[in-house]
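Let me begin by presenting the structure, written as structure tokens, before commenting on it.
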Amino acid sequence: MNIGQAIQEFRKHEQLTQAELAQRLPVDRTLISKVESGSRELPASLDPVLSGLSWKIALKIADERTGGFISNILDDLPNLDLHPAALKDVLLKDLGELEQALEGLLMAKHIDLERRRASAERVWQELRDVIEKTIVLQGVLEEEFGIDRKRMIQKHEMEVKRGER
């Protein structure tokens, strides 16, 4: 799924016409049509506004704009159970696997480089599993409880700056 398809899916889920979504952004309706059809790229200047509408759009934009550094696991696992309890269980399992991988991370220079690299790659994979599922759970919690992402980001940043996190 590309950004245009994610926008179209969101729009249909919210029962919005292209014109209604265009008014919310604000852009011309033809831009929405062209982005959804794939005949035009979404201007990057719209990323923050669209990301604020839907965590799924935010995740798709992040995936495409970062070349997969922040990946959209929903593309790889379209049938992922998005129920908060199911995601919690999957994330707890992944966190346990990450903990095991971190405990086995070999950093001492006297150990063979290939063994150290193999342990680092395992940690990398486990980190990615946790990050991907954490982002999805974060979005699901926003939906489930009406959490204001922008407010939470600001709150988190302030706590980090004060040394509380």
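The values are calculated or read from the model by the stated rules, or taken from the named source; none is laboratory data. None of the values given here were measured: they were computed from a predicted structure. Every residue, glycine among them, receives a Cβ derived from its backbone with ideal geometry; neighbour counts consider all protein chains shown.
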(request) Could you check, for the range 54-77, whether at least one of its residues is surrounded by 14 or more Cβ atoms within 10 Å (Cβ to Cβ), aromatic (Phe, Trp, Tyr) and not assigned by TED's automatic domain parsing to the domain that holds Gly146? (result) yes
(request) Check the range 150-159 and report whether any residue there is on the phi < 0 side of the Ramachandran plot, modelled with pLDDT under 95 and in a helix (DSSP H, G or I). (result) yes
(request) Take the residues in the range 119-165 that are of a type in the set (Lys, Arg) and touching a helix residue (DSSP H, G or I) at 6+ places or on another chain (Cβ under 6 Å), then tell me which one is surrounded by the fewest Cβ atoms within 10 Å (Cβ to Cβ). (result) Arg165
(message) Please go through the range 30-71 and give me each residue that is without any contact (Cβ under 8 Å) to a residue 24 or more places away in the chain and touching a helix residue (DSSP H, G or I) at 6+ places or on another chain (Cβ under 6 Å), ordered by number.
(response) Ser33, Arg40, Asp47, Ser51
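I'm trying to understand the selection: among the residues of the range 39-53, which are among the acidic types (Asp, Glu) and either surrounded by 13 or more Cβ atoms within 10 Å (Cβ to Cβ) or closer than 14 Å to Glu9 by Cα (or both)? Break it down stepwise before answering.
So in the range 39-53, the residues among the acidic types (Asp, Glu) come out as 41, 47.
Asp47, the sole residue that qualifies.
Of all residues in the range 16-40, which are among the hydrophobic types (A, V, I, L, M, F, W, C) and outside any helix (DSSP H, G or I)? Quick ask: steps written out before the conclusion?
Going residue by residue through the range 16-40, those that are among the hydrophobic types (A, V, I, L, M, F, W, C) are 16, 19, 21-22, 25, 27, 31-32, 35.
Scanning the range 16-40 gives Leu16, Leu25, Val27.
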